[in-house]
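Quick notes on the structure that follows.
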Amino acid sequence: MSELFEKLGINWKLLIAQAVNFLAILAILRFTVYKPLLRMLAERRTRIAKGLDDAKRAGERLERVESERKDVLARAEQESIVMLAKTETRAKEREAELIEAARAKEGEILKTAEKVAAAKKAESEEKVYREAATLVKRAIEKTISRAPKAADEALIAEALESLKKAS
């Protein structure tokens, strides 16, 4: 075998020295590079797992928040429907109150108008009676050819009474 190594140009001493150098470098690299590299990879793996776990929890939390948001929106919508119904009911009640108040006011106005009309009618009738009295006086004066003072006041009053009864 040593002949084979010699024919191939391999030096035993040099081969052993290179093997020792290789093992020394391997040991040095194992403690200085490989172990810290493995530790760094393990830490990175842990951080990635933690990040995935955090992302999963965040997704679940997001789903809960979304579910709560939908519940809140549904409750708000229901409350708004109830509020609108109450407002509509109150508006109808208020409308009925206003209509009733308007009818009452209308009745008052009509009563006032009737009173005013009755007063104007009475005033007009009184004016007509006065004018009629004057006319009757003149007619009586002309018929009896006497002075107005001499005309019988009782006759005038009787004529006015019969005139009032006729109307």
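Okay, here's what the table says:
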read-out	value
Alpha-carbon radius of gyration plus Dmax, which is the widest Cα pair, for the chain in Å	62.8, 193
Angle in degrees between helix 12-29 and the longest Cα principal axis of the chain, rounded to the nearest 10	20
Listed pairs K115/K137; K105/K127; K105/K164; K127/K165 exceeding 26 Å between Cα atoms	K115/K137; K105/K127; K105/K164
In order through the range 93-109: 3J(HN,Hα) via Karplus (6.51 cos²θ - 1.76 cosθ + 1.60), integer Hz, x for Gly, Pro	4, 5, 4, 4, 4, 5, 5, 4, 5, 5, 5, 4, 4, 4, x, 4, 4
Point-charge dipole on Cβ atoms (K/R +1, D/E -1) for the chain, about Cα centre, debye to 20	900
Furthest towards positive pole of dipole, N21, M83, L73, structure part the chain, Cβ charges	N21
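No lab work stands behind these numbers, since they all come straight from the coordinates. Just so you know, these numbers come straight off a predicted model, no measurement behind them. So basically every Cβ, Gly included, is an ideal-geometry build from the backbone, and we count neighbours across all protein chains shown.
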